[in-house]
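Data block below; observations after.
The values are calculated or read from the model by the stated rules, or taken from the named source; none is laboratory data. Please read all numbers here as calculations on a predicted model, not as lab measurements. FYI the Cβ positions are ideal-geometry reconstructions off the backbone, even for glycines, and counts take in every protein chain you see. Just the protein is used for accessible areas: all its heavy atoms, side chains included, with ligands, DNA and RNA removed. Shrake-Rupley method; radii C 1.70, N 1.55, O 1.52, S 1.80 Å.
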Amino acid sequence: MTSTPYPIIRLKPKSNPQVLRNGAPWAYADEIVTDRRTKALDPGALAILQDAGREDIALATINKNSKIMVRLLDRDIAAVIDQSWFETKIARALDLRTRLFPDPFYRLVHAEADGLPGVVIDRFGDVAVVQPNAAWADVRLDALVDALTKVTGIKTVVKNASGRSRALEGLDDVSGVIRGSLQDVLEVPMNGATYIADLLEGQKTGLFFDQRSNHAFAARLAQGADMLDVFSHVGGFSLAALANGAKSGLAVDGSEPALTLAQQGAQASGVADRFSVQKGDAFKVMDALSQEGRMFDLVVADPPAFAPNKQALQNGLTAYSRVAMMAANLVREGGYLVLCSCSHAADLTKFRQASLRGIGRAGRSAQLIHTGAAGPDHPTHPYLAESSYLKALFFRLD
């Protein structure tokens, strides 16, 4: 028997413990023996996970309210999950990012892939946005933030509680500044452009660092080009293109606040004279542009997740195909089309097939010249397809 201050939770006999020993970070509710003692554990409690033969697997955390009932935290069952433990994890994550980026603007912690299950931290200079999307991190947020500020020197920390992940964990949706102060939006330099991030009212953590390398690749295709940025958010692709020599950029989005930030970014980047925005439903705007006979040398479509889960997959693939068809109709002969998906349920093969169907329906033929993914500050956990969610397909069209 294990001598430990932590309670014991066990896998059911039918569960496969070896995959967890090999590195898988989760065990689902239907894999765990949910006896009276297990059900009595508070969400986020620590426990020793054992296999059906009572052999230890890891120190884990449990949340009976979540489908992902158990998340593994440490192979050392004697580990103490305190500020010092968080400091070690954050320092390791910081070491990678400082090797990759000269300026402190990046995803600092990418959840399971950085050894902090359910925790996302984006860094904006001296400000960090923390998403504690799992109960164990939410109840230990003070220790996490103390470690974060000590290791990085960050002065201001914003808690972002939006998104479906926290709801699935049974957590609140209250966001706000929890350390230091934040008075206004922030300027973020990337790929030669300056973006404006609203960390309190913007989408997610305020900016999508995951597309940085894809912005850069698209910008290489944009020199002297008229470009269209559909589902633009704060102008991710269009501002990078303009900063690297695009002739003009039109950003289309349904959010007035996002387009206002895009315009501010264009001004800060010194490209406002070549930049314009159009608010509206992306499908309707693309249709109207097509009816007007508008054509572009580079068209980028980076929609929200049309297939956030397996149940939505078929409808999502249909939507991606429709986007591809409508966007392809707006590309000049010899021009470039960039199609993106952040739906982990639609893997690369399915997304590529849906995109090619749409391009074919537009009567266009294509070369696939590049396949992009999230940047290296968004590392992939080898056992979690969910951590390899972003796809970007770069085509040249005839």
* Angle between the Cα long axis of helix 141-152 and the longest principal axis of the chain, 0 to 90 degrees, nearest 10? -> 60
* If you count, for each residue, the other Cβ atoms within 10 Å and average over each peptide, how do 80-90, 103-113 line up from highest to lowest? -> 103-113, 80-90
* **Exposure rank, largest accessible area first [Y28, Y383; 1.4 Å]** => Y383, Y28
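Show me the three semi-axes of the equivalent ellipsoid for segment 259-375, from the C-alpha gyration tensor (sqrt of 5 times each eigenvalue), largest first, rounded to whole Å.
Square roots of five times the eigenvalues give 25, 18, 14 Å.
Rolling a 1.4 angstrom probe over the protein heavy atoms, how many square angstrom per residue are accessible across segment 59-151?
Values: 3360 Å² over 93 residues.
Heavy-atom accessible area per residue stands at 36 Å².
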* Structure fact -> Quick calc: nm separation of the 7 Å Cα→Cβ label points for A385 and Q353 -> 1.2
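Any idea what the dipole of segment 3-98 comes to, in debye rounded to 20, about its Cα centre with Lys/Arg Cβ at +1 and Asp/Glu Cβ at -1?
Working: 15 positive and 12 negative charges, 72 e Å.
I would put it at about 340 debye.
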* Per the Kirkwood treatment, what hydrodynamic radius in Å, one decimal, follows for segment 64-108 from the mean inverse distance over all distinct Cα pairs? -> 13.0
* Asked: Taking amide H positions as placed 1.01 Å from N in the peptide plane, with prolines and chain starts having none, which residues 5 or more places from G192, or on another chain, fall under 5 Å of its amide H?
  -> none
* Can you pull the semi-axes for segment 113-153, root of five times each eigenvalue of the Cα gyration tensor, sorted largest first, whole Å? -> 17, 12, 9
* Where Rh is the Kirkwood radius over the Cα pairs of segment 106-175, the temperature 10 °C and the viscosity 1.306 mPa s, what D in µm²/s does Stokes-Einstein return? -> 132
* To do: Positive end of the charge dipole of the chain (Lys, Arg +1 and Asp, Glu -1 on Cβ, about the Cα centre): tell me which of S276, Y106, S388 has its Cα farthest that way.
  => S388
* Using the alpha-carbon centroid of each, what span in Å lies between segment 102-158 and segment 338-364? -> 33
* Ranked highest first by average number of other Cβ atoms within 10 Å, how do 16-23, 4-11 line up? -> 4-11, 16-23
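Going down the table (K39/K64; K159/K391; K284/K391), which pairs top 18 Å between alpha carbons? Display every interim value, and only then the final one.
Working: K39/K64 6 Å; K159/K391 27 Å; K284/K391 24 Å.
From K39/K64; K159/K391; K284/K391, over 18 Å: K159/K391; K284/K391.
Please list 341-347, 33-39 highest first by mean number of surrounding beta-carbon atoms within 10 Å per residue. Walk me through the intermediate numbers first.
Numbers: 341-347: 22.7, 33-39: 12.3.
Result, highest mean first: 341-347, 33-39.
Averaging over every viewing direction, what projected area does the convex hull of the Cα atoms of the chain cover, in nm²?
Details: hull surface 78.5 nm².
For the chain, averaging the hull's shadow over all directions gives 19.6 nm².
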* Round to the nearest 0.05 the FRET efficiency obtained for R36 and A272 when R0 = 51 Å and r is the Cβ-Cβ distance. => 0.20
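How big is the C-alpha Rg of segment 165-246 next to the rule-of-thumb value 2.2 N^0.38 Å, as a ratio? Numbers along the way, then the final one.
On the way: Rg = 15.7 Å, N = 82, 2.2 N^0.38 = 11.7 Å.
Expressed relative to 2.2 N^0.38 Å, the Cα Rg reads 1.34.
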* Would you kindly calculate the translational diffusion coefficient of segment 342-398, applying Stokes-Einstein with the Kirkwood radius from alpha carbon pairs, for 20 °C and a viscosity of 1.002 mPa s, and quote it in µm² s⁻¹ without decimals? => 172
* Kindly list the residues of segment 360-378 that lie in the label zone of E333, defined by a backbone N under 17 Å from the point 7 Å along the Cα-to-C-beta vector. => 362-367
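With the full set of protein chains in place, find how many percent of the accessible area of the chain is carbon and sulfur; take the probe as 1.4 Å.
On the way: 8250 of 17190 Å².
Ligands and nucleic acids excluded, carbon and sulfur reach 48 percent.
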* Asked: Full extension from A52 to D82: what is 0.36 nm times the residue separation minus their Cα-Cα distance, to one decimal in nm?
  -> 7.9 nm
* Asked: Rg (Å, one decimal) plus Dmax (Å, integer) for the alpha carbons of segment 76-206?
  -> 14.3, 47
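What is the extension gain from K150 to R92, computed as 0.36 nm multiplied by their sequence separation minus the C-alpha to C-alpha distance, in nm to one decimal?
Details: separation 58, 0.36 × 58 = 20.88 nm, distance 1.35 nm.
Here the segment from K150 to R92 would lengthen by 19.5 nm.
For the chain, give the magnitude of the charge dipole about the Cα centre (Cβ charges: +1 Lys/Arg, -1 Asp/Glu; no others), in debye to the nearest 20. Can you show the working numbers first?
Values: 43 positive and 43 negative charges, 214 e Å.
The calculated dipole for the chain is roughly 1020 debye.
Apply 1/(1 + (r/R0)^6) to the Cβ-Cβ distance of A288 and K310, taking R0 = 25 Å, and write down the FRET efficiency to the nearest 0.05.
On the way: r = 34 Å, r/R0 = 1.35.
That gives a FRET efficiency of 0.15.
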* For segment 257-304, just list the percent of Cα-Cα distances falling in each 10 Å bin from zero outward, please. => 20, 48, 31, 1
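Residue separation times 0.36 nm, minus the C-alpha to C-alpha distance between S181 and D126: what's the value? Write out the running numbers ahead of the final one.
Numbers: separation 55, 0.36 × 55 = 19.80 nm, distance 1.08 nm.
Contour length minus the Cα-Cα distance gives 18.7 nm.
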